[in-house]
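The values are calculated or read from the model by the stated rules, or taken from the named source; none is laboratory data. Just so you know, these numbers come straight off a predicted model, no measurement behind them. Neighbour counts run over all protein chains shown; Cβ positions are idealised from the backbone, glycine included.
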Amino acid sequence: MQIKPSDQQVPLLGVSGHAGAGHVHSHLGFIQDDSAGFAVASALIRMAYPANTNILQVTVDAETVEVQTVGGGIGRAMARRGFTPYEVELMQRARGLDGLYSQGVAFNCFGRIYGQGVLEAPVAFQTAVCLAVINTFSQNYPGAVMVSQEGIPNNVGACMGALLDLNGITVAVMAVLNATGGGLGPAEDLEGNVSLAAKGQLMNKIGLDQVPTIVLESKAYVPSVCESLQQDSFWVRFNKEQDNPAVGAALIEAVSKSGLPMMHSDQAYPRDTGEMRKAVCSLSQRIIELGRSLEQCVTSADKVQVIAELALLVSQDAGGVTYMSDELHDIVAGGGLVPGTAAVLSLAVSQSTIEQTKIPEFSSQDAKNYLNITCDALKILASNVQHAQLYLERKQKFIKEHLERLSSV
């Protein structure tokens, strides 16, 4: 498919993908590379607006890391507890790597990455890498590739969007970095196609908040689903009562056409369940119980065991409750899907893959497969776009005025 800059101002369809800096683990054994959507959306933009996003150099002072790409982009981020000289040395391993694959770059340098303030250095580094990628396009194509901050308190992420022509189909494409200051993460109220704050203003500017949209999500291991998988499989998800079944059907058809392994669900992302609030309360109780256990400990061995369990909860399970505000989750669910507008494409990894890698890593081959599926799904959608547009009326459930306080508190 030929992809070039669009000379039209009103898109027919949309694509959105994000990177959640530090959103690697979640509850119940969930592990992911949450940079997949950002990588694919950025790659789409790069096909129309060529830019070199390989990392040229990494410069670090006591608290701040600066990443510069070959294409001239610069991204900076701070780590709450700073960087050791050894971490500075490790980050030099990033030179020559493609910044589109930001979690993989951090993984390559540090070996592991955890959010929730557990490993701040790699999360801050991932943040700087993504910001450098966005700045690369902004520097090389000012005005054509439009950029904004996230626009919510304590977040330091950014967004870039562009209007592309895919064989005559005008598509609004956005890549988003959701990142918390200090390398803490994750805070992702603006993931998916949530249209709020500065991100929402940019979405409105390129028309992304008005069209049926493919939301590109992570490469993930979800025990309840993946334990029985024999091979990595694309995963199409949406809720037939709440989301956009036409987008979901187009993705299913496109993956089927590719011949790649696939699974799909039209009952994902239930709404108005209070699921996030329940998860917060459940985690809180587990932490309280550990606190009470620690209070009773008198031996060193017992104290170590309790604290080790607490470390697991904070470094892993807590990622499942910190990434989104409770009320917003009730409306857009875990994928950040505005009702009536979208469906999700993600990649589920098999048990054998996670046993080998421990943490999924999104690859350039994965990105090629995502791109082919996404472009085919866009063609399918465009052939009967009126059908997909019918579901947009469900968007009324997304009460912007009610949620706007998220960008001001």
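Assorted remarks:
- Inter-residue pairs, beta-carbon under 9 Å, first at positive phi and surrounded by 13 or more Cβ atoms within 10 Å (Cβ to Cβ) and in region 251-278, second assigned to a loop (DSSP other than H, G, I, E, B) and small (Gly, Ala, Ser), 6+ apart: Tyr269/Ala333; Tyr269/Gly334; Tyr269/Gly335
- Residue match in region 355-367 (condition: farther than 23 Å from Leu166 by Cα and in contact with a helix residue (DSSP H, G or I) (Cβ under 6 Å, 6 or more places away or on another chain)): yes
- Of the residues screened, Lys219 is one that is out of contact with any Gly (no Cβ under 9 Å at 6 or more places or on another chain) and not β-branched (Val, Ile, Thr).
- Taking each residue of region 223-248 that is free of Cβ contacts under 8 Å to residues at least 12 places away in the same chain and looking for partners that are part of a loop (DSSP other than H, G, I, E, B) and among the β-branched types (Val, Ile, Thr) with beta-carbon atoms closer than 9 Å, six or more apart or interchain, yields nothing.
- Index of the failed condition, Ala175 passing every other in (1) under 24 Å from Gly115 (Cα atoms); (2) touching a helix residue (DSSP H, G or I) at 6+ places or on another chain (Cβ under 8 Å); (3) surrounded by fewer than 21 Cβ atoms within 10 Å (Cβ to Cβ): (3)
Conditions tested, residue by residue: (1) touching a Pro at 6+ places or on another chain (Cβ under 7 Å); (2) closer than 30 Å to Leu290 by Cα.
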site	(1), (2)
Ile307	no, yes
Ala311	no, yes
Ser315	no, yes
Met324	no, yes
Val332	no, no
Ala343	no, no
Lys368	no, no
Ile373	no, no
Leu381	yes, no
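- In region 319-391, counting only helices (runs of 4 or more DSSP H) that sit wholly within it, the ones holding 3 or more residues that are among the hydroxyl-bearing types (Ser, Thr, Tyr) span 351-357, 364-383.
- Exclusive hit being at pLDDT 95 or above and either on the phi > 0 side of the Ramachandran plot or crowded, with 16+ Cβ neighbours inside 10 Å (or both), set Ser407, Ser364, Ser300, Ser350: Ser350
- Residue that is farthest from Lys395 (Cα to Cα) [pool: residues in region 226-249 that are part of a helix (DSSP H, G or I) and under 20 Å from the mean Cα position of the chain (by Cα)]: Cys226
- One residue from Leu44, Leu28, Leu13, Leu56 being on the phi > 0 side of the Ramachandran plot and aliphatic (A, V, I, L, M): Leu28
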